[in-house]
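A short worksheet on the structure shown next.
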Amino acid sequence: MSSILLRSSRNIASLDARVCIRTALISKPAYAIRPITCSTKLYKEDKRIHEKMIEDHDHSHAGSFSRTDNTVSIEYPGEDLEPASLAIQGRGGMHFKRTLPSFSLEDRVGIVTGGARGLGLVMSQALVISGCDVAIVDLNKEEGERQAKELMDHFSSENPGADPAKIPKVTAHYADVSDPDSVNASIAEIIQDHGKIDHLVTSAGFTENFDAIAYPFDRVKKLWGVNVDGTYLFATGVARHLMERNAKGSIVMIGSMSGAVVNVPQPQAPYNAAKAAVRHLAASLAVEWAHAGIRVNVISPGYMLTALTKKILDDNPDLYKHWTSLIPQGKMGQPEDLMGAVTYLLSDAAGYVTGADLRVDGGYTVT
């Protein structure tokens with residue numbers, strides 16, 4: 001009996017060894033496997049053949065699609081030259097399809113920084129459609145006031161006969177989000193106009209593309225001031241207000257897939273670092289404020305076809321081909337792709353979601 005067991009164990013050990021060798025062979029490229037031989041001459045000859053195989057191939061392309069290109073340089077045009085955005089048409093009408101009532105934002109007040117244009121405007125509209133009163137905060141107050149009126153008129157036209165008391169109130173407010181005094185004054189004005197604040201979306205931000213060594217440092221500081229300081233200042237200001245009211249609330253910070261990956265071919269190290277900071281800031285504040293019932297999450301968009309992005313691609317057509325070749329869905333996102341995401345994270349439907357990073361990028365960051 002013992003001899004049978006001994007033979008069985010030897011057979012199993014032999015099988016295990018063969019499986020391990022076969023796995024090792026499969027998991028490595030042929031030229032990376034050292035031949036099993038007792039002859040030094042044969043080993044050297046085999047190594048020489050493998051090295052020649054590598055040399056014979058053209059490696060000029062190696063790594064080229066995963067590197068930044070310092071010749072790509074795009075400067076943020078500034079507030080005066082940034083193109084205006086249009087409200088999404090056909091999204092504010094009466095709803096007849098059933099959905100969960102927990103997605104509603106009725107009787108709430110939300111702030112959207114950078115809400116007069118681009119992604120911020122579309123997310124402001126998402127809040128309005130979901131029944132939320134909205135305070136648009138922007139460096140360009142005149143554009144904010146125009147868009148606030150547009151959103152209310154648009155909602156009224158798509159809801160004829162609606163009770164005026166049920167039409168969401170949209171206001172516009174000035175703030176330099178990188179300046180603490182300006183932020184505090186803006187929050188105070190919003191509370192005076194709306195009576196309270198329940199939600200915050202920090203969409204104010206911008207990106208530029210410069211080689212890191214050549215990047216003017218004053219512009220780096222400005223970029224970090226808007227993207228990071230502005231997010232921090234508004235988040236802490238709104239959280240302070242919620243805690244003073246002893247009220248629950250939710251904050252959505254707009255990050256970017258650039259906070260998790262390095263975009264190519266355009267160089268943008270300071271922007272990537274800023275969005276990584278926003279992502280971890282959200283996680284940190286989610287833990288710090290959980291006891292107060294304040295949820296903090298991040299939306300990380302991929303490449304979105306905003307009015308500004310379209311202008312950049314018109315001037316740099318090769319970028320579109322490069323970008324979309326790296327997106328599994330094969331296309332760039334539309335700003336309205338964020339409407340559902342921001343509504344969900346702000347609403348009670350996401351009541352047990354905090355510290356999350358919701359990536360809306362067509363699969364870019366999973367490849």
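The values are calculated or read from the model by the stated rules, or taken from the named source; none is laboratory data. It should be emphasised that the depicted structure is a prediction, and the values quoted were computed from it without experimental measurement. Here the Cβ is made from the backbone with ideal geometry for all residues, glycine too, and neighbour counts use every protein chain on show. For the accessible areas, the whole protein counts, side chains as well, though only heavy atoms, and no ligand, DNA or RNA atoms are used. Shrake-Rupley method; radii C 1.70, N 1.55, O 1.52, S 1.80 Å.
Of the residues in the stretch 186-196, how many are surrounded by 15 or more Cβ atoms within 10 Å (Cβ to Cβ) and either without any contact (Cβ under 8 Å) to a residue 40 or more places away in the chain or closer than 21 Å to residue 338 by Cβ (or both)?
1
Can you tell me which residue among 141, 97, 149, 169 is open to solvent by 40 Å² or more (accessible area, probe 1.4 Å) and within 22 Å of residue 226 (Cβ to Cβ)?
That would be 141, the only listed residue that is open to solvent by 40 Å² or more (accessible area, probe 1.4 Å) and within 22 Å of residue 226 (Cβ to Cβ).
Name, by its number, the condition in (1) over 21 Å from residue 253 (Cα atoms); (2) surrounded by 22 or more Cβ atoms within 10 Å (Cβ to Cβ) that does not hold for residue 162.
Result: residue 162 passes all but (2).
Give the residue, chosen from 112, 183, that is touching a residue at least 24 places away in the same chain (Cβ under 8 Å), open to solvent by less than 40 Å² (accessible area, probe 1.4 Å) and not in a helix (DSSP H, G or I).
Checking each option against the conditions leaves just 112.
Tell me the residue from 256, 203 that is touching a helix residue (DSSP H, G or I) at 6+ places or on another chain (Cβ under 9 Å), surrounded by 24 or more Cβ atoms within 10 Å (Cβ to Cβ), assigned by TED's automatic domain parsing to the domain that holds residue 306 and without any contact (Cβ under 8 Å) to a residue 60 or more places away in the chain, please.
Exactly one residue qualifies, and that residue is 256.
If you go through the stretch 186-202 one residue at a time, how many are part of a helix (DSSP H, G or I) and among the polar types (S, T, N, Q)?
Summing the residues that are part of a helix (DSSP H, G or I) and among the polar types (S, T, N, Q) in the stretch 186-202 gives 2.
Just a yes or no: is a residue in the stretch 215-226 open to solvent by less than 40 Å² (accessible area, probe 1.4 Å), under 27 Å from residue 351 (Cα atoms), in contact (Cβ under 8 Å) with a residue 40 or more places away in the chain and over 22 Å from the mean Cα position of the chain (by Cα)?
Scanning the stretch 215-226, I find no residue that is open to solvent by less than 40 Å² (accessible area, probe 1.4 Å), under 27 Å from residue 351 (Cα atoms), in contact (Cβ under 8 Å) with a residue 40 or more places away in the chain and over 22 Å from the mean Cα position of the chain (by Cα), so the answer is no.
(1) under 15 Å from residue 117 (Cβ atoms); (2) assigned to a helix (DSSP H, G or I): which one isn't true of residue 156, the others all being true?
(1)
I need the full set of residues from the stretch 121-176 which are small (Gly, Ala, Ser) and either within 24 Å of the chain's Cα centre (by Cα) or not assigned by TED's automatic domain parsing to the domain that holds residue 105 (or both), in order please.
Within the stretch 121-176, 124, 126, 130, 135, 144, 175 qualify.
Of the residues 313, 305, 285, which single one is at pLDDT below 95 and over 17 Å from the mean Cα position of the chain (by Cα)?
313
Considering the stretch 339-367 alone, what residues qualify as being open to solvent by less than 40 Å² (accessible area, probe 1.4 Å) and among the acidic types (Asp, Glu)?
361
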